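Here the structure comes first, spelled out in structure tokens, and everything after it is commentary.
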Amino acid sequence: MKLKEIAEILSLRPLTPVEGLEREVSGAYVGDLLSDVMANAGEGNLWITLQTHVNIVAVAVFKNLSAIVIVNGRMPDSDTMDKAVSEDIPILLTGKSAFETAGKLYQILNAQNLQG
Amino acid sequence: MKIDKTYEGNFHIVGGDFSRAGEASTELKTILLNVGIEDEIVRRVAIATFEAEMNIMIYATAGILRYIISPEEIRIIAEDMGPGIEDIELAMQEGYSTAPDWVREMGWGAGMGLPNMKKNADIFRIDSVVGEGTTVEMIIKL
């Protein structure tokens, strides 16, 4: 499923260039412990987290994640944004919690057989 | 694909330079894929290397990450000038960490680093001298 469709349904606010929204999302992973995400997120997954510092981009690049969704209305640090743009990793924001975001996304992806 | 020769190299890592976190492991991942190592092995090596790289960044002043890719195995050696580990057995326990609060707030320091390295390596060795540094050696068989 395209990131763009997910962003529309969940009302996510993209902070990075819109071209990134054309990416395919293979599933999703929720986590704030970076070692856990590194060990368990799957390629092409959308990553839901409350972390905002620059290392989230490194983890996303490293794991070939499709995008990062930052929850609870938190804003990424400015160096995170710089790196996300230069590394071509879409970052989207939501005021909702990780639970609510993941719950809705699960329903959407489940309908398409793409959970994880 | 069979590896027909040996590839070697190293990366220098500066402690505390979080803006460059993951650069060495991401570069090594690209090298492994270019050499023709299969995806599952690349995945294991890359995760183990990223954890080693982060440990140097979090705890040490500086360190070096060396890799040797031979037809039989991939060998990663992470050597740092850090505080050393007092109790290695304790440090190997999942969930145990001596990371400061600000590192934990970043989502590192969950006590998963060394266990993740061990889990992804076929052979894992760690040697540490308090006040001098730590050396981790990981071998992943091809």
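For B:Lys141, the aspartates and glutamates whose Cα falls under 18 Å of its own Cα, not counting residues fewer than eight places away in the same chain, are B:Asp4, B:Glu8, B:Glu38, B:Asp39, B:Glu40, B:Glu72, B:Glu73, B:Asp122.
Which net charge results when you count Lys and Arg as +1 and Asp and Glu as -1 among the other residues whose beta-carbon is under 15 Å from that of A:Ile48?
Working: positive: A:Arg13, A:Lys63, A:Arg74, A:Lys96, A:Lys104; negative: A:Asp32, A:Asp36, A:Glu100.
Summing Lys and Arg as +1 and Asp and Glu as -1 gives +2.
In this structure the amide hydrogen of A:Val69, modeled in the peptide plane, comes within under 5 Å of the amide hydrogens of A:Trp47, A:Ile48, A:Thr49, A:Leu92, none closer than 5 places in sequence on its chain. Looking at segment B:1-98, the trypsin sites (Lys or Arg not before Pro) that sit in a DSSP loop and have at most 12 other Cβ atoms within 10 Å of their own Cβ are B:Lys2, B:Lys5. Angle check, please: helix B:39-59 long axis (alpha carbons) against the longest principal axis of chain B (alpha carbons), in degrees 0 to 90, nearest 10. The angle comes out near 30 degrees.
With the simple model of a label 7 Å out from the Cα in the direction of the Cβ, B:Ile88 to B:Lys141 spans 2.2 nm. Rg and Dmax, both from the Cα atoms of chain B and both in Å, are 14.6, 46. Of A:Gly73, A:Gly42, A:Gly27, the residue with the greatest mean-square motion in the GNM of chain A, using alpha carbon springs below 10 Å, is A:Gly73.
Once label points are set 7 Å from the Cα along Cα→Cβ at both B:Asp39 and A:Val18, what is their separation, rounded to one decimal in nm? The answer from the label model is 3.2 nm.
Run the helix sum for the protein assembly as shown: -39,500 (n - 2.57) per DSSP H stretch of 4+ residues, divided by residue count, reported at 222 nm to the nearest 500 deg cm²/dmol. Mind dumping the intermediate values first?
Values: 10 runs with 96 residues, N = 258.
It comes out at -11000 deg cm²/dmol, rounded to the nearest 500.
Each part gets one Cα centre, and for segment A:27-85 versus segment B:67-122 those centres are 21 Å apart. To test your reading of the geometry: what angle, between 0 and 90 degrees and rounded to tens, separates the Cα axis of helix A:78-87 from the longest principal axis of chain A? It is inclined by approximately 70 degrees. Taking each of A:Lys4/B:Lys118; A:Lys4/A:Lys96; A:Lys2/B:Lys119; A:Lys83/B:Lys5; A:Lys104/B:Lys29 in turn, the alpha-carbon distance tops 28 angstrom for A:Lys4/B:Lys118; A:Lys2/B:Lys119; A:Lys83/B:Lys5; A:Lys104/B:Lys29. Where the alpha-carbon atoms of the protein assembly as shown are placed on the principal axes, they occupy 53, 44, 30 Å, in descending order. For B:Thr6, the shell of other residues with beta-carbons less than 14 Å away shows a net charge of 0, using +1 for Lys and Arg and -1 for Asp and Glu. Hey, what angle do you get for helix A:98-110 against the long axis of chain A, alpha-carbon based, 0 to 90 degrees rounded to 10? With rounding to tens, the tilt is 50 degrees.
A:Glu87 to A:Glu8: extension gain in nm, 0.36 nm per residue of separation minus the Cα-Cα distance? Walk me through the intermediate numbers first.
Numbers: separation 79, 0.36 × 79 = 28.44 nm, distance 2.33 nm.
Length difference between fully extended and current span is 26.1 nm.
Can you tell me the FRET efficiency between B:Asp4 and A:Phe99 if r is taken as the Cβ-Cβ distance and R0 is 45 Å, rounded to the nearest 0.05? With a Förster radius of 45 Å, E is 0.30. Classify chain A: rounded, prolate or oblate, from the alpha-carbon gyration tensor (a ≥ b ≥ c, eigenvalue square roots; a/c under 1.5 rounded; otherwise prolate if a/b is larger than b/c)? Verdict is rounded for chain A. When the Cα positions of B:Met57, B:Val103, B:Phe124 are compared along the charge dipole of chain B, B:Phe124 comes out farthest toward the positive end, with charges on each C-beta of Lys, Arg, Asp and Glu. Exposure proxy for B:Ile88, A:Ile70: other Cβ atoms within 10 Å of each Cβ, ordered fewest to most, give B:Ile88, A:Ile70. Among B:Phe124, B:Phe18, B:Phe50, the residue with the largest mean-square fluctuation in a Gaussian network model of chain B, with springs joining Cα atoms closer than 10 Å, is B:Phe18.
Taken together, the values in this text are just the output of simple stated rules run on the coordinates, not laboratory data. Everything quoted here is computed from the prediction, not taken from an experiment. Glycine also receives a Cβ, built like all others from the backbone with ideal geometry; neighbour counts cover every protein chain displayed.
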